[in-house]
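Here is the structure we will look at.
Derivation of every value follows stated rules applied to the coordinates shown; laboratory data play no part. Since this is a predicted model, take the numbers as computed values, not measurements. No Cβ is skipped: glycine too gets one built from the backbone with ideal geometry, and neighbour counts run over all protein chains shown.
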Amino acid sequence: MPTWLSQIGRIRAPIPAALYWTVAAATFVIPAAIWWLASSSGYVDRLFLPSPADVAKQAVVLAENGRLWSDIGWSVFRVFAGFTLAAIVAIPIGILMGTYHIADAIFEPFTDFVRYMPAAAFIPLIMLYVGIGETAKILMIFIGTYFQLVLLVAAVARTVPIDVINVAYTLGASRRQVLTNVVVPASLPGLVENLRITLGWAWTYVIVAELIAAQQGLGFRIMEAQRFLKTDTIFLYIAIIGLLGLASDQIMRRISSKTMPWAETFDR
Amino acid sequence: MNLSARANATSTESVAKLSVRDISRRFETRGKIVEALKGVSFDVPSGGFYSIIGHSGCGKSTLLNIVAGLDQATSGVVAVDGVVRRSPGPDRGMVFQSYTLFPWLSVIENVAFGMRMGGMGKKERREAAQHYVELVKLSAFVDAYPKELSGGMRQRVALARALANKPAVLLMDEPFGALDAETREQMQELLLNVRNKEFMTVLFITHDIEEAILLSETIGIMAARPGRVAHEFKIELPYPRDAATKVSDAFVQNKRRLIEVFKSI
Ligand SMILES: Nc1ncnc2c1ncn2[C@@H]1O[C@H](COP(=O)(O)OP(=O)(O)O)[C@@H](O)[C@H]1O
Ligand SMILES: [Mg+2]
């Protein structure tokens, strides 16, 4: 038996990179093959299940007339703006929550309360207050991600070992220095990891916002395509949202490993 | 409060580097009162090596945390050079049993941390830190991150980091407790070696009798419930000591006497 085979079932044991990426690629290729077979078998109505070729054709059309790029541009902009705003507010507040009990008392119970309200339910109010412009979409993403992110950041700050904090005091650090020179850097890897996860939710909420009120963007185009029964466009756009999510995820991972070579990581 | 007046009144010796006077500590958890420490007093002279030994849970860490200023005594005082200390400060450096290196800093940056907090310039503190990295024999790892180091190496960096701050007293809470037996012996020799080269006053906690004898000038034996120093025991072994000291007749005699006392409490 080859050694890599015996590695597979061992808890947390690394496997060869080639094996990892082959399996990962197969998880894309196999569903795509099933899709292709199903759509070319003739058993499923073209209207419900366009073939990969139909989708590819539609991609070329939309890419050439520029609509695809402008939709991607708008959605990326909204995710970026809404998510950056949520992160800028959530990171400092979350770190304070995880560090000072008084900050915890101020923010935690209230955040827990709001977090259980479905973000989409705020849409009518958002439209009432700020209209249907860009602010509305950015606010939607903010509401959808801020309340989750702030609790995750607080949880990360809380895991900084007390002995690490205490040793800094015995080295002469002031409370302020302990906060900025110990708690913050010690929280960074966990913080970036949670940003990466909540960024996925930002993608969900941009689509929700665009489905309801927008003249452009990926979500809007999906809604429009439904009206004209353009399932090929719907398929294309859903796949693109997935790819954009995957790409932003990989970029975050790359930034994280480049800027924090010191962090303990889960070895592949 | 200044303790030197009292010290002068009771003895002719000069004031101790570290004085622990009548420390008591009560914990209240869920209505239950635990008397972790009661009336703990001892002195560590300048340049001395004082070890506290005692069974697990007898209050050793609580005592050391109070000396460090990380915990507050219910009553009693801690004084360094006759000056009462209540909050943590760079005059009492600490090495913990758990690994407490800052993972985002390289070995040299870890060692220089205290100097950076004190506002020393980058070049100056790097040069100063270099000396301590060499002292713990980690010159080959100056720019390594903690995750690249073994447990023993991490504790050596922690020792260098504490020493680089030039503390009046070095506090060590079972610093080798998490290491395997072989590494622990190497660390004991390293610590003896470092003490030959650097002037330092140490308060050391361990539950390993041999470790206490090998390293210390004086051993305080703690009894539990409530935690207190029940006996003080002088180790009459000449310095320099090394691993070979452990098999000398004098060492074995000390150990026999100490075990007897230890059993009686
Ligand atoms: N924060 C705390 N709250 C309540 N009890 C504590 C606390 N810290 C320590 N104790 C109690 O004090 C006693 C001494 O603990 P500790 O100093 O950690 O012992 P040692 O270091 O000798 O093993 C133990 O009985 C422990 O349960
Ligand atoms: Mg302890």
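Rounded to the nearest 500 deg cm²/dmol, what is the calculated helix-only ellipticity per residue at 222 nm for chain B, with -39500 (n - 2.57) per DSSP H run of length n ≥ 4?
Value at 222 nm, helices only, nearest 500: -10500 deg cm²/dmol.
So which trypsin sites (Lys or Arg not before Pro) in the stretch B:51-134 end up in coil per DSSP with only 10 or fewer other C-beta atoms within 10 Å?
Within the stretch B:51-134, no trypsin sites (Lys or Arg not before Pro) qualify (loop, at most 10 other Cβ atoms within 10 Å).
Can you pull out the trypsin sites (Lys or Arg not before Pro) in the stretch B:129-195 whose DSSP state is coil and whose Cβ has at most 15 other Cβ atoms within 10 Å?
The qualifying sites are B:K137.
Taking every alpha carbon pair in the protein assembly as shown, what does the distance histogram look like in 10 angstrom bins from 0, in percent?
3, 14, 19, 19, 15, 11, 9, 6, 3, 1, 0
When the helix-only estimate is applied to chain A (DSSP H runs of n ≥ 4, each -39,500 (n - 2.57), divided by the residue count), what is the mean residue ellipticity at 222 nm, nearest 500 deg cm²/dmol?
When only DSSP H runs of four or more count, the value is -25500 deg cm²/dmol.
When you look at the Cβ of every residue in B:109-119, what mean number of other chain Cβ atoms sits within 10 Å?
So the per-residue partner count for this stretch is 3.
How large is the charge dipole for chain B, taken about the Cα centre, if only the Cβ atoms of Lys, Arg (+1) and Asp, Glu (-1) carry charge, to the nearest 20 debye?
That gives a dipole near 720 debye.
Taking H placed 1.01 Å from N in the peptide plane, check which residues at least 5 places from B:M222 or on another chain put their amide H under 5 Å from its amide H.
Long-range HN contacts for B:M222: B:I53, B:G54, B:A230.
Specify whether the C-alpha gyration tensor of the stretch A:46-170 places it in the rounded, prolate or oblate class, a ≥ b ≥ c being the square roots of the eigenvalues: rounded for a/c under 1.5, otherwise prolate if a/b is larger than b/c and oblate if not.
Judged from the Cα gyration tensor, the stretch A:46-170 comes out prolate (a/c at least 1.5, a/b above b/c).
For B:K60, what charge total do you get from the other residues with a beta carbon under 11 Å from its beta carbon, if Lys and Arg give +1 and Asp and Glu give -1?
In short, -2.
If you take the C-alpha gyration tensor of chain B, multiply each eigenvalue by 5 and take the square root, what semi-axes do you get, largest first, in whole Å?
In descending order, the three semi-axes are 29, 23, 19 Å.
Count the DSSP beta bridges whose two residues both fall in the protein assembly as shown, then state the antiparallel fraction as a percent rounded to the nearest 5.
55 percent
For the stretch B:188-265 and the stretch B:62-107, what is the separation of their Cα centres, given in Å?
After rounding, the separation between the Cα centres reads 22 Å.
Mind putting a number on the dipole of the protein assembly as shown about its Cα centre? Charges go on the C-beta only, +1 for Lys and Arg and -1 for Asp and Glu, and I need it in Debye to the nearest 20.
So the magnitude is around 480 debye.
Please average, across the residues of B:95-104, the number of beta carbons from any other chain that are within 10 Å of each residue's own beta carbon, and give a whole number.
Per-residue shielding by partner chains comes out at 6.
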